[in-house]
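Worksheet: the structure to be examined is printed underneath.
The values are calculated or read from the model by the stated rules, or taken from the named source; none is laboratory data. Predicted model only: the values in this text are computed from it and were never measured. All Cβ positions, even for glycine, are placed from backbone atoms using ideal geometry, and neighbour counts span all protein chains on display.
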Ligand code: NAD
């Protein structure tokens, strides 16, 4: 594959520090050896900075401060005033779009345009949340009793803990935080241990927005660390909602722990997304949609396309075209404008990819393109790979798993029922797509796909913030971002007001 050269770690570190300084992070707390967390870059695999890892006391202090701020000020601040904080954050994000994008590329390995796109999502959700701050509507419901009003009102929930994954280090935080803040909640954020610098930059911008708009400083706090820090947030009864994004494995630990204390949980977990390509499909669209969704972000999106379910009449044509497009993909330094595929996040992801390819081959799969490591000489501690396409005879166990790397499995079908069965035959249920010009097929797919996101004639990745985002089955059932996802961040009260002189009981019950 064509490749682009890798810059040295020092140069990347300087660029990160400059972006951090412009965002207002100028004194990074260096920790004693015991409490260290290293910021690293997958571009070279090198360490950039040593940061302080949150201690048990830090977690307790953060929750205490967030809880106090919620109780004493934030929940009583009018929602449009809370919106002013988010509006200012949106302005600062516009100003620092490319600083944050640099940090996203440096820590998560995303290419320039995808990193900038991720920051654009933050800006968009701030606009959305600002509008929402004047639209936290309840319903008025017809009462069965005369002289009574029945209605719903929505109230702030409390402290929201946001736990995020490495691959969307800023957008997922902003979906949760912008909405939670206008809903009147305070936020404690535990970012991925792989992306601490982007988290510090976001926190600095939000602190500045708070100072400038008169919001309390403790409406938002960030705690750097690994799963142990996450678990403390999960177990603390003062945390009203745990919104956690990451692997199904993480969700299986977090969900039951929050449930055990009868807390609320919003889970956004792994996907194993598929697109069905019907014989009537516009193949130009299908090829472009497939290549971006499957190879983009080096296959490291929760919505990455992992399974292509193709009608046997078009299978050969479309796979040939996809293979030809894959051969042109430039792999390498994500900070280089010409690169289309950046690095995997680390060695574990690379091992998982290699093992999945070996298993797929053992199951009778044929690797049509890609799968090799590249740039190993230039960057021995980084993991660049050629995105792979594998033709599979059946949907074997490895295909039914989410391997967080750029592997696209191609399966064929004869009848549309077969396609739907293959499509829904996995445990995850995040994003799905059909490419067809047949309206009945499109409608059937919209009705039958068991995912939270169901698309027609576009790929599985790259959702807009206006809709609710999330998935079913092992993906966890949570919804974030637009539409009415805000309701997860508030509590609903049903109110009955009697403005008559009588006291009629519901259902005609008589008493006294
Ligand atoms: P991960 O599960 O390893 O980590 C995610 C976050 O959870 C990190 O902050 C981590 O420290 C924390 N964590 C891990 N174990 C925990 C525990 N026991 N208690 C509390 N916190 C814990 O995931 P990752 O490798 O960073 O991200 C990739 C995964 O995330 C993929 O499976 C991807 O599909 C998924 N993802 C899902 C969505 C979505 O919206 N559905 C979005 C992005 C990523």
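Table: residues versus (1) closer than 22 Å to residue 280 by Cβ; (2) away from the ligand (no atom under 16 Å from the Cβ); (3) in a strand (DSSP E or B).
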{"residue": "442", "(1), (2), (3)": "yes, yes, no"}
{"residue": "483", "(1), (2), (3)": "no, no, no"}
{"residue": "504", "(1), (2), (3)": "no, yes, no"}
{"residue": "511", "(1), (2), (3)": "no, yes, no"}
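Checking the structure you have, find out if any residue of region 113-126 is part of a helix (DSSP H, G or I), touching a strand residue (DSSP E or B) at 6+ places or on another chain (Cβ under 7 Å) and crowded, with 22+ Cβ neighbours inside 10 Å. There is at least one residue in region 113-126 that is part of a helix (DSSP H, G or I), touching a strand residue (DSSP E or B) at 6+ places or on another chain (Cβ under 7 Å) and crowded, with 22+ Cβ neighbours inside 10 Å.
Can you report the number of residues in region 485-502 which are in a loop (DSSP other than H, G, I, E, B) and within 16 Å of the ligand (Cβ to nearest atom)?
Kept after step one, since they are in a loop (DSSP other than H, G, I, E, B), are these residues of region 485-502: 499-502.
Now drop any that are not within 16 Å of the ligand (Cβ to nearest atom), which leaves none.
Summing the residues that are in a loop (DSSP other than H, G, I, E, B) and within 16 Å of the ligand (Cβ to nearest atom) in region 485-502 gives 0.
Could you tell me how many of the residues in region 206-225 are surrounded by fewer than 24 Cβ atoms within 10 Å (Cβ to Cβ) and away from the ligand (no atom under 16 Å from the Cβ)? So the answer is 10. Checked against the criterion of being within 14 Å of the ligand (Cβ to nearest atom), in contact (Cβ under 8 Å) with a residue 12 or more places away in the chain and not in a helix (DSSP H, G or I), region 177-188 has at least one qualifying residue.
Can you find a residue that is loosely packed, with under 15 Cβ neighbours inside 10 Å, under 20 Å from residue 194 (Cβ atoms) and modelled with pLDDT of 95 or more anywhere in region 333-350? Within region 333-350 (the criterion being loosely packed, with under 15 Cβ neighbours inside 10 Å, under 20 Å from residue 194 (Cβ atoms) and modelled with pLDDT of 95 or more), the answer is yes, since at least one residue qualifies. Any residue at all in region 383-399 that is part of a loop (DSSP other than H, G, I, E, B), closer than 29 Å to residue 7 by Cα and without any contact (Cβ under 8 Å) to a residue 24 or more places away in the chain? Among the residues of region 383-399, not one is part of a loop (DSSP other than H, G, I, E, B), closer than 29 Å to residue 7 by Cα and without any contact (Cβ under 8 Å) to a residue 24 or more places away in the chain, which makes the answer no. In this structure, is residue 433 touching a strand residue (DSSP E or B) at 6+ places or on another chain (Cβ under 9 Å) and either in a loop (DSSP other than H, G, I, E, B) or crowded, with 19+ Cβ neighbours inside 10 Å (or both)? Yes: the conditions hold for residue 433.
Per the conditions (1) within 15 Å of the ligand (Cβ to nearest atom); (2) under 30 Å from residue 372 (Cβ atoms), the sole criterion not satisfied by residue 422 is (1).
Given the residues 408, 422, 446, which is the only one that is at pLDDT 95 or above, surrounded by 15 or more Cβ atoms within 10 Å (Cβ to Cβ), touching a strand residue (DSSP E or B) at 6+ places or on another chain (Cβ under 9 Å) and assigned to a helix (DSSP H, G or I)? If you could, list the steps in order and put the result at the bottom.
On the way: 408 fails: assigned to a helix (DSSP H, G or I); 446 fails: surrounded by 15 or more Cβ atoms within 10 Å (Cβ to Cβ).
Result of the check over 408, 422, 446: 422.
For region 157-168, the criterion of being within 16 Å of the ligand (Cβ to nearest atom), assigned to a helix (DSSP H, G or I) and within 24 Å of residue 42 (Cα to Cα) is met by none of the residues. What residue, among those in region 247-274 that are more than 11 Å from the ligand (Cβ to nearest atom) and assigned to a loop (DSSP other than H, G, I, E, B), is surrounded by the most Cβ atoms within 10 Å (Cβ to Cβ)? Going through the qualifying residues, I end up with 263. Within region 467-484, the only residue that satisfies the criterion of being surrounded by fewer than 20 Cβ atoms within 10 Å (Cβ to Cβ) and in contact with a helix residue (DSSP H, G or I) (Cβ under 8 Å, 6 or more places away or on another chain) is 468. Tally up the residues in region 195-235 that are closer than 21 Å to residue 116 by Cα and not in a helix (DSSP H, G or I), please. Total meeting the criteria: 1.
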